[in-house]
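Visitor: Please read through the structure below; I'll follow up with questions.
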Amino acid sequence: MIPPPRHNSVPCPCPHPTPKGRQQLADARRELQSYDGVFSVGVSSRRAREKDGAALIEKQNEGIGSSKPVKQKTTRADRRALQEAQRAAKAAAKEAGAEGKNSSGVPKQGKPVKQPPQKKDVTQMTAPSTAPEKKVGDRLPEKERKKDAPPPRMQYDDKHRVEKAKRRAVVNQFEARNRVELFRHLPQYVHGTQLPDLESKFFQLEPMHPSVYKVGLQYLSGDISGGNARCIAMLLAFKEAIKDYSTPPEKLLIRDLTAKINSYVSFFTECRPLSISMGNAIKFLKNRIAKLPDSLSESEKKSSLQSDIDRFINEKIILADKVIVRHAVTKIRDGDVLLTYGSSTVVEMILLYAHDLGRRFRVVVVDSRPKLEGQALLRRLLAKGLSCTYTHINAVSYIMHEVTRVFLGASSVLSNGTVYSRVGTACVAMVAHAFHIPVLICCEAYKFHERVQLDSICSNELGDPDMISKVTGRQELNHLDNWAEDENLQLLNLIYDATPSDYVSLIVTDYGMLPPTSVPVIVREYRREHLWI
């Protein structure tokens with residue numbers, strides 16, 4: 001049954017009220033009239049009060065206006081004369097202050113600095129004196145954080161900065177004609193002309209130490225390659241330069257030696273861009289120079305710096321490699337097929353140590369043009385009696401189904417877990433990840449860096465384009481002999497690439513074996529111990 005509408009349930013008022021209803025209506029009207037009278041009385045009293053207050057305020061304003069003197073209007077000529085008089089008085093005061101300073105030797109006090117106005121509503125909160133020591137220790141002061149920030153990289157597409165760098169450069173560089181547009185921010189120079197020019201300047205470079213000059217030439221010619229080898233050669237050159245260093249008169253050892261190191265670093269950068277590990281070693285050396293106590297003599301300071309360089313090489317490179325070998329060999333079992341790419345010193349040490357322990361395994365050496373570094377590694381492994389297979393990177397997907405583990409070296413490991421290594425490493429790691437094969441990166445902790453990089457474009461190094469235009473041993477393949485004369489052809493020879501952390505299973509360091517997500521912990525521990533910063 002449908003209920004009736006709600007409005008029908010309410011009884012309608014009767015059009016003809018009863019006598020009792022009339023009496024109730026009359027009482028209600030009288031009550032309303034009494035309320036209206038009270039309300040009108042209240043309103044009138046309030047209006048009266050407001051009128052009295054306004055009259056009082058007007059009287060006060062009139063009194064103030066009568067007591068305040070009226071400012072006289074001045075003409076433009078009067079104002080100009082007043083400004084001239086003020087300027088003349090100020091100039092006379094300055095001259096009197098300069099004469100008093102020259103006669104008495106006491107500098108004139110400057111104007112008091114006006115304090116910024118403070119807001120009244122904001123209460124100033126002071127830091128509690130009982131703050132936990134851990135927070136204070138973890139957070140570095142503002143000056144230290146600015147000091148640790150990496151310097152801005154040189155952008156070679158900025159013509160003004162490039163011309164300025166050329167004027168103070170030791171190595172004469174000539175820009176390549178056919179520059180790759182995507183990598184214009186990186187140096188692209190004609191290769192093969194720098195070495196003869198530097199050799200002719202040997203006796204003209206007076207401030208350059210011979211050991212530094214020698215290592216720079218080896219960098220330029222490619223005789224020294226590899227992250228550890230380049231870093232050790234640079235530190236040994238610095239050691240020889242410090243040994244022969246003598247502080248000039250009226251100069252401090254800390255400042256003058258730091259300036260010398262900066263000039264040596266600039267020379268190395270002109271010969272070949274520095275690696276990230278070399279940058280960490282330079283930071284370590286500069287930090288040790290800055291912390292030299294003033295109580296030591298010059299010979300003691302020099303011997304202290306030389307011992308610090310030896311300690312860095314022994315502990316952070318040589319002993320670190322041995323620790324990595326001990327950790328990584330636990331992942332090798334009998335019957336494994338281990339794949340490596342290129343030539344890594346620490347990976348070679350791992351394979352040789354596992355072979356000495358009696359483990360039976362096979363090594364697959366993957367190589368790529370133009371350097372073909374894997375051939376030298378293959379020759380050394382075969383000389384030790386290891387079973388090896390050699391292939392190029394274009395066939396890595398065909399050989400990967402036989403592999404059980406992949407061991408790779410690294411030039412650096414960045415803070416977000418990205419592995420920065422020779423070009424082709426990312427390709428090998430991605431193929432291994434697609435086949436569900438673990439990828440182990442072997443890298444010393446001194447190569448870790450707080451930088452974050454997501455691609456291989458913003459920061460990289462470009463090699464000689466002629467190396468990829470020619471094939472060694474094939475003189476008949478001369479199709480690209482005169483490639484530089486064709487403006488429509490650009491050759492790109494990248495040195496490094498970036499492997500995302502998603503394709504890395506484990507990173508083996510001298511601190512132990514850890515996942516890529518734990519890289520910031522290693523960077524933070526190094527910062528706290530001040531080992532390389």
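The values are calculated or read from the model by the stated rules, or taken from the named source; none is laboratory data. What you see is a predicted model, and the numbers here were worked out from it, not measured in a lab. So basically every Cβ, Gly included, is an ideal-geometry build from the backbone, and we count neighbours across all protein chains shown. Just the protein is used for accessible areas: all its heavy atoms, side chains included, with ligands, DNA and RNA removed. Shrake-Rupley method; radii C 1.70, N 1.55, O 1.52, S 1.80 Å.
Visitor: What is the residue count in segment 231-244 for residues that are open to solvent by 20 Å² or more (accessible area, probe 1.4 Å) and either part of a helix (DSSP H, G or I) or at pLDDT below 90 (or both)?
Guide: Residues in segment 231-244 being open to solvent by 20 Å² or more (accessible area, probe 1.4 Å) and either part of a helix (DSSP H, G or I) or at pLDDT below 90 (or both): 5 in total.
Visitor: For segment 307-347, enumerate the residues that are farther than 16 Å from Gly409 by Cβ and of a type in the set (Ser, Thr, Tyr).
Guide: Across segment 307-347, the qualifying residues are Ser307, Thr330.
Visitor: Here are Ser297, Ser277: which of them is closer than 18 Å to Ile495 by Cβ and open to solvent by less than 60 Å² (accessible area, probe 1.4 Å)?
Guide: After applying the criteria, what remains is Ser277.
Visitor: Being of a type in the set (Ser, Thr, Tyr) and in a loop (DSSP other than H, G, I, E, B) is the requirement here; does Thr472 meet it?
Guide: It is true that Thr472 is of a type in the set (Ser, Thr, Tyr) and in a loop (DSSP other than H, G, I, E, B).
Visitor: Further question on the same structure: Could we say that Arg360 is in contact with an Asp or Glu (Cβ under 6 Å, 6 or more places away or on another chain), among the basic types (Lys, Arg) and within 20 Å of Glu402 (Cα to Cα) here?
Guide: yes
Visitor: I'm told Leu440 meets every condition in (1) over 32 Å from the mean Cα position of the chain (by Cα); (2) crowded, with 18+ Cβ neighbours inside 10 Å except one. Can you identify the failing condition by its number?
Guide: (1)
Visitor: Here are some residues: Gly385, Gly335. Which one is on the phi > 0 side of the Ramachandran plot, touching a helix residue (DSSP H, G or I) at 6+ places or on another chain (Cβ under 8 Å), open to solvent by 30 Å² or more (accessible area, probe 1.4 Å) and outside the structural domain of Ser277 (by the TED database)?
Guide: Working: Gly335 fails: touching a helix residue (DSSP H, G or I) at 6+ places or on another chain (Cβ under 8 Å).
Answer to the check: Gly385.
Visitor: Among the numbered criteria (1) buried (at least 16 other Cβ atoms within 10 Å of the Cβ); (2) more than 29 Å from the chain's Cα centre (by Cα); (3) of a type outside the set (Lys, Arg), which one does Thr472 miss?
Guide: Every listed condition holds for Thr472 apart from (1).
Visitor: Here's something else I'd like to know. So which residues in segment 310-321 are open to solvent by 60 Å² or more (accessible area, probe 1.4 Å) and farther than 13 Å from Ala445 by Cα?
Guide: Result: Arg311, Asn314.
Visitor: Scan His479, His436 and give me the residue that is within 24 Å of Tyr398 (Cα to Cα), free of Cβ contacts under 8 Å to residues at least 40 places away in the same chain and assigned to a loop (DSSP other than H, G, I, E, B).
Guide: Sole residue among the options that is within 24 Å of Tyr398 (Cα to Cα), free of Cβ contacts under 8 Å to residues at least 40 places away in the same chain and assigned to a loop (DSSP other than H, G, I, E, B): His436.
Visitor: A follow-up question, please. Looking at segment 412-433, which of its residues are open to solvent by 20 Å² or more (accessible area, probe 1.4 Å) and not in a helix (DSSP H, G or I)?
Guide: Result: Ser415, Asn416, Arg422, Val423.
Visitor: Of all the residues that make up segment 307-366, how many are of a type in the set (Ser, Thr, Tyr) and farther than 24 Å from Pro515 by Cα? Please lay out each step first, then the result.
Guide: Narrowing segment 307-366 to residues of a type in the set (Ser, Thr, Tyr): 307, 330, 340-341, 343-345, 353.
If we keep only those that are farther than 24 Å from Pro515 by Cα as well, we get 307.
So the count comes out to 1.
Visitor: Identify, from the list Arg451, Arg405, the residue that is under 26 Å from Lys322 (Cβ atoms), open to solvent by 10 Å² or more (accessible area, probe 1.4 Å) and touching a residue at least 24 places away in the same chain (Cβ under 8 Å).
Guide: Arg405
Each row is one residue, and each column tells you yes or no for (1) more than 20 Å from Val419 (Cβ to Cβ); (2) at pLDDT below 95.
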| position | (1), (2) |
| --- | --- |
| Leu339 | no, no |
| Ser368 | no, yes |
| Glu373 | no, yes |
| Asn394 | yes, yes |
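Visitor: Now for a separate question. Would you mention how many residues in segment 344-372 are of a type outside the set (A, V, I, L, M, F, W, C) and in contact (Cβ under 8 Å) with a residue 60 or more places away in the chain?
Guide: Number of matching residues: 5.
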